[in-house]
Amino acid sequence: MIRSIAALGVLATATALVPAPARAIDPPRYVDEAATAGIDHAYRGGWEFYVGGGVAVFDCSGDGYPELYFAGGTDPAALYRNRSSQGGALRFEPVQGQPHLTLTGVTGAYPLDLDGDDRIDLAVLRVGENVLLRGLGDCRFEVANGPLAFDGGQAWTTAFSATWEAGADLPTLAFGNYVDRAAPGAPYGTCHDNDLYRPDGDGYGARRLLRPSYCTLSLLFSDWNRDQVPDLRVSNDRQYYLGGAEQLWSLRPGISPRAAGRAEGWRELKIWGMGIASYDLTGTGLPDYFLTSMADNKLQTLEPPSFGQPLRPAFRDIAFQLGATLHRPYTDGEIMPSTAWHAEFDDVNNDGLIDLFVAKGNVEGMIDFARRDPNNLVLGQPDGTFREAAPDAGIVTFERARGGAVSDLNLDGLLDLVVVNREAPAELWRNAGSTLTGGGPMGNWAMIRLRQPGSNRHAVGSWIEVKSGTHIWRRELTVGGGHAGGEFGWVHFGVGTAERIEIRVQWPDGQWGPWVRAFTNQFILVDRRSETPFYWYPETAAAG
């Protein structure tokens, strides 16, 4: 779990802020288009569904436009096919006639390409048996539990992550479970064990239990020290565990998983852990982590070791330093603390400065926490701090949000927002451009997708670097994190005023590709077998 910092070529300090590539741009203007787009969905149910409520964002039709798969709780889950046109109003239609897509008891879902056939699959999380859905193309799916020898269990599942271990044809899957409902004395102190599935031939062997487990609400395989072997971050809800804390599990081939402890440098952290977001904010070449909680959100960065010493998983909190505590509502006069769920880093105004979206909402009538708790959209500033922009962006609502996504739904380079609400309609916000000019372009952007031979076709575990001048943006390609939902597809970079960029990829096995040049405001395919990027055009895909 350790690696020499000198071997990484990263900065000597983990607290230096990324130099600003350009001035900050005004917030985007968002337009509520859920009703006109045809989205009619809510996440409902009793106490098993106070948590969860995620959305999976991925392209199952093959036209490049991402579809939306919503968890429904006691209502049926729902897949909506994207019928939008490039840069136009958002438009979706429900996919019908497939009963396995409309399961009840669904808490969330994550997209990934399980079998490397370039058709995106779904890991569906449930209160009850979890289900793997294999994509067949044209937004058709089949249940793959049997063919993959996958035992979905009967737990209350609320988290998921996946990674490809060296030499494996299938990904390793981690499912995070919440309270053990069958245990005497539930819910307090009765956390269910988490499940780990490693490939065994053409399917999965018996699930392995990650013990101890502490009522998990988010998981993320992430290569925190860049040694090409991701470890599993686990965010746990202290509402129900006894004697627990946040966790980091080491997975090495042929070795049983092992939780990091003080001997490795891991520092005990107890929060109401609900979601994980990651990005290299500090410019070290290593991921930083935003951890959502109740009034105690954390933004963790790795402590720099002494010169020549190995990296250790010793993280410290810089949320207060950067103005990212987000611990209470910013409007409506509420003074009680906030409850945060899904979190996601990206650049919503394309100024080259990383922003953060956080979905918020009271659990269920908890009087010690804010009842009217709007979502946050904080914009990155040139000095590395964040400022609240949700009111200016026009997205202030007071529903009880859970899951969410920041994604370009109409392929115009501008990031839209999806929000899943508990017992209220989902929200769909189209990014209409600059608030200053009443819409229209902001900064420049690049959408990147990776390809490589083999089963891990989309190169999960890679690091993508985008360079303009002396500034480099870095992003790790992962499956997991957030709260009960994630995205799979185009990877977005806002690049400010840059008209040309260079792109480099460190592939999952640690090998670096060359720097390749590309124009901005393009959809760019980077194939490991080629030294030249390919441009992709939505109108070509739509024409078949």
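The values are calculated or read from the model by the stated rules, or taken from the named source; none is laboratory data. Keep in mind that this is a model prediction, so the values were computed, not measured. Because the Cβ atoms are built from the backbone with ideal geometry, glycine has one as well, and the counts that use them run over all protein chains shown. Each accessible area value is taken on the protein alone, full model and side chains, heavy atoms only, with ligands, DNA and RNA left out. Shrake-Rupley method; radii C 1.70, N 1.55, O 1.52, S 1.80 Å.
Suppose we keep only residues that are in contact with a Lys or Arg (Cβ under 6 Å, 6 or more places away or on another chain) and in a loop (DSSP other than H, G, I, E, B) within the range 93-112. Which one would you say is most open to solvent (accessible area, probe 1.4 Å)? Show your work before the answer.
Filtering the range 93-112 down to residues in contact with a Lys or Arg (Cβ under 6 Å, 6 or more places away or on another chain) leaves 93, 95, 105-106.
The next check asks that each one be in a loop (DSSP other than H, G, I, E, B); those that pass are 95, 105.
Details: VAL95: 29, GLY105: 11 Å².
Going through the qualifying residues, I end up with VAL95.
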Q. Could you say which residue among ASP121, ASP117, ASP151 is at pLDDT 95 or above, out of contact with any strand residue (DSSP E or B) (no Cβ under 6 Å at 6 or more places or on another chain) and closer than 20 Å to GLY489 by Cβ?
A. ASP117
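Select, from LEU11, LEU17, LEU90, the only residue that is modelled with pLDDT of 95 or more and either part of a loop (DSSP other than H, G, I, E, B) or out of contact with any strand residue (DSSP E or B) (no Cβ under 6 Å at 6 or more places or on another chain) (or both).
On the way: LEU11 fails: modelled with pLDDT of 95 or more; LEU17 fails: modelled with pLDDT of 95 or more.
Being modelled with pLDDT of 95 or more and either part of a loop (DSSP other than H, G, I, E, B) or out of contact with any strand residue (DSSP E or B) (no Cβ under 6 Å at 6 or more places or on another chain) (or both) holds for just one of LEU11, LEU17, LEU90, which is LEU90.
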Q) If PRO425 satisfies every condition in (1) of a type outside the set (Asp, Glu); (2) surrounded by fewer than 20 Cβ atoms within 10 Å (Cβ to Cβ); (3) over 30 Å from ALA77 (Cα atoms); (4) touching a helix residue (DSSP H, G or I) at 6+ places or on another chain (Cβ under 9 Å) but one, which is the exception? A) (3)
Q) If you scan the range 487-541, which residues turn out to be open to solvent by 80 Å² or more (accessible area, probe 1.4 Å), in a loop (DSSP other than H, G, I, E, B) and of a type in the set (Phe, Trp, Tyr)? A) TYR537
(Q) Considering only the range 424-441, I want to know if a residue exists there that is within 22 Å of the chain's Cα centre (by Cα) and β-branched (Val, Ile, Thr). (A) no
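Can you name every residue in the range 176-197 that is in contact with a Lys or Arg (Cβ under 6 Å, 6 or more places away or on another chain) and part of a loop (DSSP other than H, G, I, E, B)?
Within the range 176-197, ASP193 is the sole residue that qualifies.
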Q: Determine which single condition GLY189 fails, assuming it passes every other condition in (1) open to solvent by 10 Å² or more (accessible area, probe 1.4 Å); (2) modelled with pLDDT of 95 or more.
A: (2)
Q) With (1) touching a Ser or Thr at 6+ places or on another chain (Cβ under 9 Å); (2) farther than 20 Å from LEU232 by Cα; (3) open to solvent by 50 Å² or more (accessible area, probe 1.4 Å) as the list, and SER306 as the residue in question, which single condition is left unmet? A) (1)
Q: Can you tell me which residue within the range 198-244, out of those that are small (Gly, Ala, Ser) and in a strand (DSSP E or B), is surrounded by the fewest Cβ atoms within 10 Å (Cβ to Cβ)?
A: GLY203
Q) Among the residues of the range 396-405, which ones are open to solvent by 10 Å² or more (accessible area, probe 1.4 Å) and either of a type in the set (Gly, Ala, Ser) or within 20 Å of the chain's Cα centre (by Cα) (or both)? A) ARG400
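Conditions (1) hydroxyl-bearing (Ser, Thr, Tyr); (2) open to solvent by 20 Å² or more (accessible area, probe 1.4 Å); (3) farther than 30 Å from GLY283 by Cβ, marked per residue:
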{"site": "GLY333", "(1), (2), (3)": "no, yes, yes"}
{"site": "TRP341", "(1), (2), (3)": "no, no, no"}
{"site": "PHE345", "(1), (2), (3)": "no, no, no"}
{"site": "LEU353", "(1), (2), (3)": "no, no, no"}
{"site": "GLY361", "(1), (2), (3)": "no, no, yes"}
{"site": "PRO382", "(1), (2), (3)": "no, yes, no"}
{"site": "PRO391", "(1), (2), (3)": "no, yes, no"}
{"site": "GLY394", "(1), (2), (3)": "no, yes, yes"}
Q | Residue check for GLU142: in contact with a Lys or Arg (Cβ under 8 Å, 6 or more places away or on another chain), in a helix (DSSP H, G or I) and of a type outside the set (Lys, Arg) | A | no
Q. Which residues, taken from the range 460-469, are without any contact (Cβ under 8 Å) to a residue 60 or more places away in the chain and part of a loop (DSSP other than H, G, I, E, B)?
A. SER462
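Do we have GLU476 as acidic (Asp, Glu) and touching a Ser or Thr at 6+ places or on another chain (Cβ under 8 Å) here? Give the steps one after another, and end with the answer.
On the way: acidic (Asp, Glu): yes; touching a Ser or Thr at 6+ places or on another chain (Cβ under 8 Å): yes.
Spelling it out, GLU476 is indeed acidic (Asp, Glu) and touching a Ser or Thr at 6+ places or on another chain (Cβ under 8 Å).
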Q.
Report every pair of residues separated by at least 6 positions or lying on different chains whose Cβ atoms are under 6 Å apart, first residue within the range 278-306 and under 27 Å from HIS471 (Cβ atoms) and acidic (Asp, Glu), second open to solvent by 10 Å² or more (accessible area, probe 1.4 Å) and not in a loop (DSSP other than H, G, I, E, B).
A. ASP280/ARG474; GLU303/ARG316
**Q.** Tally of residues being of a type in the set (Ser, Thr, Tyr) and within 18 Å of ALA35 (Cα to Cα) across the range 392-429
**A.** 1
Q: Those residues that are of a type in the set (A, V, I, L, M) and not in a loop (DSSP other than H, G, I, E, B), I need them from the range 473-486; list them, please.
A: VAL479
Q) Say we look at the range 118-137 and pick out the residues that are open to solvent by less than 30 Å² (accessible area, probe 1.4 Å) and touching a residue at least 60 places away in the same chain (Cβ under 8 Å); which of these is farthest from VAL106 (Cα to Cα)? A) GLY137
